[in-house]
1. For the condition assigned to a loop (DSSP other than H, G, I, E, B) and farther than 19 Å from Met284 by Cβ, what is the one hit in Gly65, Gly69?
2. Got a number for residues in the range 265-284 being of a type in the set (Ser, Thr, Tyr) and within 9 Å of the ligand (Cβ to nearest atom)?
3. Go through the residues of the range 113-135 one by one and say whether even a single one is within 16 Å of the ligand (Cβ to nearest atom), within 24 Å of the chain's Cα centre (by Cα) and part of a helix (DSSP H, G or I).
4. Those residues that are farther than 30 Å from Gln263 by Cα and loosely packed, with under 13 Cβ neighbours inside 10 Å, I need them from the range 278-297; list them, please.
5. Within the range 227-243, restricting attention to residues that are more than 16 Å from the ligand (Cβ to nearest atom) and polar (S, T, N, Q), which residue is farthest from Leu70 (Cα to Cα)?
6. Could you say whether any residue in the range 155-170 is farther than 20 Å from Ile84 by Cα, surrounded by 20 or more Cβ atoms within 10 Å (Cβ to Cβ) and in contact (Cβ under 8 Å) with a residue 60 or more places away in the chain?
7. Assigned to a loop (DSSP other than H, G, I, E, B) and within 14 Å of the ligand (Cβ to nearest atom): which single residue out of Val246, Val259, Val224 fits that description?
8. Just to be sure before I move on: is Leu67 more than 10 Å from the ligand (Cβ to nearest atom), free of Cβ contacts under 8 Å to residues at least 60 places away in the same chain and surrounded by fewer than 24 Cβ atoms within 10 Å (Cβ to Cβ) in the structure I sent?
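The values are calculated or read from the model by the stated rules, or taken from the named source; none is laboratory data. Nothing here was measured: the structure is a model prediction, and the numbers come from that model. Please note: Cβ atoms are built from the backbone with ideal geometry, for glycine as well, and neighbour counts cover all protein chains shown.
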Amino acid sequence: MIKNSKEMDWTFLKENTREFTHIYHDYPARMIPQIPRNIIKLLGEKEGGVLFDPYCGSGTSLVEGLLAGLNVIGTDINPLAKLISEAKTEYTINPNELSNEIHRFVEFTMNPKGTPKIIDKENLEFWFKPNVIKSIGLMIRYISKIKDPRIKNFFEVAASETIRESSNTRKGEFKLYRYSEEDLKKHNPDPFSIMKEKLFRNLKGYESFYNRMLELTYKPTSKVYFANTVNEIPKDMIGENTVDLVITSPPYGDSHTTVAYGQYSKLSSEWLGILSYNVDKASMGGKKIEPMNFECDELDNGIKQVDEINHKRSLEVYSFYADLRKSINNVSKVIKNEGYACYVVANRKVAGILLPTEKSIVCFFEHNGFKHLETLRAFFQ
Ligand SMILES: C[S@@+](CC[C@H](N)C(=O)[O-])C[C@H]1O[C@@H](n2cnc3c(N)ncnc32)[C@H](O)[C@@H]1O
């Protein structure tokens, strides 16, 4: 039992979840920063330890690890997640230098010149209005000339959000749905204004992160890799028995029936030239497999019940948990003997059956010799 863990309200409903670089880019199923922050505190992790997030998404755990003086490593199969995580964990740019670069961009927008760098995409005008295509093309050309890769990343992350917001995709959706013709008439975004707003907002977040990191005597490191942890965690990325703490939130199901990280990231990744494959197919549960027994009673019973109602759905469920298990087998190898693994999940229903994801994760780790400490629950009304 971890001291005081049960007395806390793990919903953190009234807290600011957008401090520091957490203000950057939105991301589907983003973790609440207070969760890793408090887990690190409760476990009493010391400066210089190693935190690993195998499905790091937008890097929430990584930022919190750095703030606690931990060296952090993240992996994800989504190239946009890698880009955002790298930008959010960067704390070595002088804020004045960054501010000067932003002001140079503002000047550029007053009289933007140059050849727009426009992507070769078949249905580009379906997703963007012609004037928006031109402005984004000019912006991408401008960013491609920024020499410092850290500053370039900072700009690319703001550009990615700008591209999403100025596209014809409906607001508030993670999947790609186009506005109706009626709504499109009212949708007249100015990519340059959106970009400036994002840059200045992110600069504020960066400054507070930078200043907080200056207070640390130990300067932790950060590495983010593009990797599919279901296949393997290459040793040159993370050695066996080297990680003190894993804090992560894995996908809750396959991309097709739950969160489509690939679709969410597609348009901006294409513009930024970082997408060359189908992220959703490569995600957990993306490939169908044959039924199997997981030797985890509650999971096996749950899938059996789904199968009785809807066989096709049960195959999707098998594939997802098979991948999650493989990934946990790989994650287990890199954690030290006295290390911890903390998985943040939500249980979901398939065909009306509640699947015990949290118990399955415990079971998969137990098969790797881990001991379950406790499950903390947060209830939302
Ligand atoms: C719930 S999100 C993580 C959100 C993150 N905690 C945050 O705060 O932004 C799950 C992530 O798992 C990634 N993912 C899915 N399958 C993966 C795999 N096989 N290997 C590595 N990452 C994977 C997805 O791309 C997604 O970014």
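1. Numbers: Gly65 fails: assigned to a loop (DSSP other than H, G, I, E, B).
Among Gly65, Gly69, only Gly69 is assigned to a loop (DSSP other than H, G, I, E, B) and farther than 19 Å from Met284 by Cβ.
2. Total satisfying the criteria: 2.
3. Step one: list which residues in the range 113-135 are within 16 Å of the ligand (Cβ to nearest atom), which gives none.
No; the residues of the range 113-135 include none that is within 16 Å of the ligand (Cβ to nearest atom), within 24 Å of the chain's Cα centre (by Cα) and part of a helix (DSSP H, G or I).
4. Asn293, Glu295, Asp297
5. Asn241
6. Yes.
7. So the residue among Val246, Val259, Val224 that is assigned to a loop (DSSP other than H, G, I, E, B) and within 14 Å of the ligand (Cβ to nearest atom) is Val259.
8. Spelling it out, it is not the case that Leu67 is more than 10 Å from the ligand (Cβ to nearest atom), free of Cβ contacts under 8 Å to residues at least 60 places away in the same chain and surrounded by fewer than 24 Cβ atoms within 10 Å (Cβ to Cβ).
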